[in-house]
1. Tell me, please, whether a residue that is modelled with pLDDT under 95, in contact with a helix residue (DSSP H, G or I) (Cβ under 8 Å, 6 or more places away or on another chain) and either more than 26 Å from residue B:79 (Cα to Cα) or facing another protein chain (nearest Cβ under 10 Å) (or both) can be found in region A:132-146.
2. With the requirement that a residue be under 13 Å from residue A:43 (Cα atoms) and either surrounded by fewer than 24 Cβ atoms within 10 Å (Cβ to Cβ) or more than 16 Å from the chain's Cα centre (by Cα) (or both), what does region B:32-72 give you?
3. Scan region A:106-125 residue by residue and report those that are more than 9 Å from chain B (Cβ to nearest Cβ) and surrounded by 24 or more Cβ atoms within 10 Å (Cβ to Cβ).
4. Name the residue that is farthest from residue A:98 (Cα to Cα), counting only residues in region B:45-73 that are assigned to a helix (DSSP H, G or I) and more than 7 Å from chain A (Cβ to nearest Cβ).
5. What number of residues in region A:52-80 are within 7 Å of chain B (Cβ to nearest Cβ), within 24 Å of residue A:235 (Cα to Cα) and in a helix (DSSP H, G or I)?
6. Across region A:304-349, what is the total count of residues that are part of a strand (DSSP E or B), under 25 Å from the mean Cα position of the chain (by Cα), within 14 Å of another protein chain (Cβ to nearest Cβ) and over 17 Å from residue B:88 (Cβ atoms)?
7. Quick one: is residue A:212 at pLDDT below 95, part of a helix (DSSP H, G or I) and crowded, with 24+ Cβ neighbours inside 10 Å?
């Protein structure tokens, strides 16, 4: 039976790899989920077959509760709340790894079992990463859910304090590796890791959450991987490494999209320093009514819509789909330009638009569509701000200088739906709004788009 | 298990992971993250071994119980929500 178990593990690992491979296109992605589910089922069956398992009442009760909690989460969670759910599941995954590590540590001590050094190193890494990712993800979840302040929380010598804490935790970890019988150190070690997770995330602003989520994803994967080393289980090593590398790639993509480095995201406390920068003088701008906007859109032959998270806050996804449908019926070519950091986690905006039934071949990535703005008649910006700010290209003094942006300013006409002229989240004024070809459409995104739709049919007489 | 074998597996899996994930369309990055999340809940295997060990102490059972609950929540909600999201991605239907 033990042999059968390890062969099933190999199949299961192959299925996990295939599962991620099939995610490369929406056409095969659902097959990928099925492969993942099968792999998971096989792994659990193999584990139960290959080992004598006792205490079934505990295990089955936990399975029952987990399933009972998991199903409603998956079906009730609105798509706007997916980032919070993701942060929560990083917390759950990391907690599971940390607790298994803790239990294993105490078990070995009780049985006076001498664990090899590398197993102890793996256990220490597993619990350290697990506990800090647990509290860190809870903090990220609180910020995304807006129960915690989104602005960075800072205090004097923050980085020095955090570094010292981490150094003490690491030092205790090393001590545990060499003297594992000092079990009294373990709770202090775990407590410091939990505390460090909190302190690591509170100084990070809401705008940086996409990077942070991806990074926490990577940590959660690595702690599962460390568990694999500790338990001598290759399947855990493979699955953990896949998750770890996925989180790493996503966080690199997010950092590039904001022209930031990891150190800058983690220790920079972005979004706080710039508030004074925005004290610009009153500059003239043009505004337009829904009726004027409708006639311009109707006369256009190509329109690029640039959605930002503001669109989702206003719940205007369905209205924007109606607008794009009715424009397309009039022969207007409509595309959506998606900046990598639009939304609150990697790829979030795509999901929000897909939920509103916008076909995915209308959604264009930044690099693929930037060349098209120069030929497009109207660029319609809704709820996006910094990702359209031309200062990122030209103004060296701007805090967002160097960040890749959507070249909205190259379109023949630019329309921006916005509540007021107030600067956005990062507090940076946007030159785009003051260009001669820019029309500001003031109002709530959902209400304004519905008004444009209402103005449209009258003109064609459909 | 031999450390060098585990490191070998880790090295290969990391490279495979990096190559495979790099090819995932940015369109699907959110479902990708919830899928990898569900997959990394494979730590349920470790939790089952801890909880189900012969002569497990109360501490092991309680910690293992919480760990299994957390991991199963991730497995169930992770796979289901990934599928729910993927169902929304539709190609344009040819109407005209």
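1. no
2. Matches in region B:32-72: B:49 only.
3. Answer for region A:106-125, where residues must be more than 9 Å from chain B (Cβ to nearest Cβ) and surrounded by 24 or more Cβ atoms within 10 Å (Cβ to Cβ): A:123, A:124.
4. Checked region B:45-73; the qualifying residue farthest from residue A:98 (Cα to Cα) is B:58.
5. Residues that pass the stated criteria total 7.
6. The total comes to 2.
7. yes
Per-residue answers, yes or no, for (1) over 19 Å from residue A:13 (Cβ atoms); (2) part of a helix (DSSP H, G or I); (3) more than 7 Å from every other protein chain (Cβ to nearest Cβ):
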site: B:21; (1), (2), (3): no, yes, no
site: B:41; (1), (2), (3): no, yes, no
site: B:75; (1), (2), (3): no, yes, no
site: B:80; (1), (2), (3): yes, yes, no
site: B:90; (1), (2), (3): yes, no, no
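The values are calculated or read from the model by the stated rules, or taken from the named source; none is laboratory data. Being a predicted model, the structure only gives us computed values, none of them experimental. Glycine also receives a Cβ, built like all others from the backbone with ideal geometry; neighbour counts cover every protein chain displayed.
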